[in-house]
């Protein structure tokens, strides 16, 4: 019988490792996150300047305008790693480590709530299924890890002291640290605890003692002021549950309704569960953090009334299962990570583009910042808080072939990198623009 630290190991324990091993394959899927790429370039720029960015350096029209990179510490780490390794080959390892740590911490908290290995294993599958969508290189991935860490720290009076420093670190990595403060406030209401109000206040004060100072709150205000622009970006849209990767959250909501109807969710717990479930329904990007927070409560509410029986397996059987999982994870993590051909222009497409102003989409924008800045400034990328809704709508009209003559003349644009199915591509072709390159994902044209 296999024991570790007095714990009798069973196959159910091994099943808890399955989501973690699966994340090794998720982390090495084709790379398509353009946002991560501009974060890398922002990091190298901050290393060169020795200060955080407070104005936009990358765009054609907004250069010099007020803009703070909310994830300055993550950017600097990315920039340092890129320079140290002469590339971004480390991305899959970094994504795996952060995503796996988030899974492990959340499952530990879930097991403490449920004391049921089977329920925890099922929760792990749902969590990994949902988390696979969000396991990418963006700094927001640190938010999931720190949210899980805050939840774990709040579970014990002995570890509550760590909550404010975690919020402080979070504020340097991503602006969603306010989500952590909100969780602490809800915990204060749930427990009727003045102590937790103090933790939230101290965390908020510490967030101000970062590189942006009081400006960290200005970042959040700018985001709120540009909510209309965010609604034009897919990740900020409400979830579509016909998408298989949105199904885990639908299952979670149904499980919550079931547990509440059977009286298995305590009223105090609903103070946390209901707001975060609603939070997850508002936007795609909210699904995973909402699941991290609510899963332990909901899993505890659906644990079977019958006590769990645990039969110890042979060390050989358990060891064989662990070996297979480790080999599978290693095979996944050592796969080469290609750039997504659908998201980024190929080297052949870049070769035919000259140094002049280029019209392009927000998707390639982050890639162009990474690959060609400072030689090239971009027309647009995904920084909604900088460009605003009106700019995004104007760009959409241009991509649809409306008003492009005047705008291109104003910006001096004589070349375009487009999706082949854009109406603008047809309009430029009809105007005699010369096609320089075409593949299934992109077409490059130049003015006659």
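No value in this document is a laboratory result; all are computed from the given coordinates. Keep in mind the model is a prediction, meaning the values are calculated, not measured. Neighbour counts run over all protein chains shown; Cβ positions are idealised from the backbone, glycine included.
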TODO: Could you tell me what % of all Cα pairs in the range 150-265 have separations over 22 Å?
DONE: 53
Open item on the list: Under 8 Å for C-alpha pairs, at least 6 residues apart: give me the relative contact order for the range 347-446, rounded to a whole percent.
Closed with: 31
- [ ] Provide the gained length on full extension for the span residue 47 to residue 322, in nm with one decimal, where the gain is 0.36 nm per separating residue minus the Cα-Cα distance.
- [x] 94.8 nm
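Antiparallel as a % of all DSSP beta bridges within the range 347-446, to the nearest 5?
So the antiparallel bridges in the range 347-446 amount to around 90 percent.
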- [ ] Mind pulling the angle between the C-alpha long axis of helix 177-191 and the longest principal axis of the chain? Nearest 10 degrees, somewhere in 0 to 90.
- [x] 30
TODO: State, to one decimal in nm, how far the label point of residue 224 lies from the label point of residue 440, with both points 7 Å from Cα in the Cβ direction.
DONE: 4.5
Open item on the list: Using Cβ contacts closer than 10 Å as the measure, can you line up 395, 38, 161 from fewest to most?
Closed with: 161, 395, 38
Task: More than 22 Å apart - percent of Cα-Cα pairs taken over the range 347-446 - done: 23
- [ ] Can you put 325, 417 in order of Cβ neighbours within 10 angstrom, beginning with the fewest?
- [x] 325, 417
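Taking each pair of distinct Cα atoms in the range 31-88 once, what is the resulting Kirkwood hydrodynamic radius in Å?
11.6
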Open item on the list: So if I take the centroid of the Cα atoms in the range 338-413 and the same for the range 84-104, what is the distance between those two points in Å?
Closed with: 28
Task: Chain lengthening between residue 429 and residue 372 when straightened (0.36 nm per residue, less Cα-Cα) - done: 17.9 nm
Open item on the list: Order these by the 10 Å Cβ neighbour count, fewest first: 249, 391.
Closed with: 391, 249
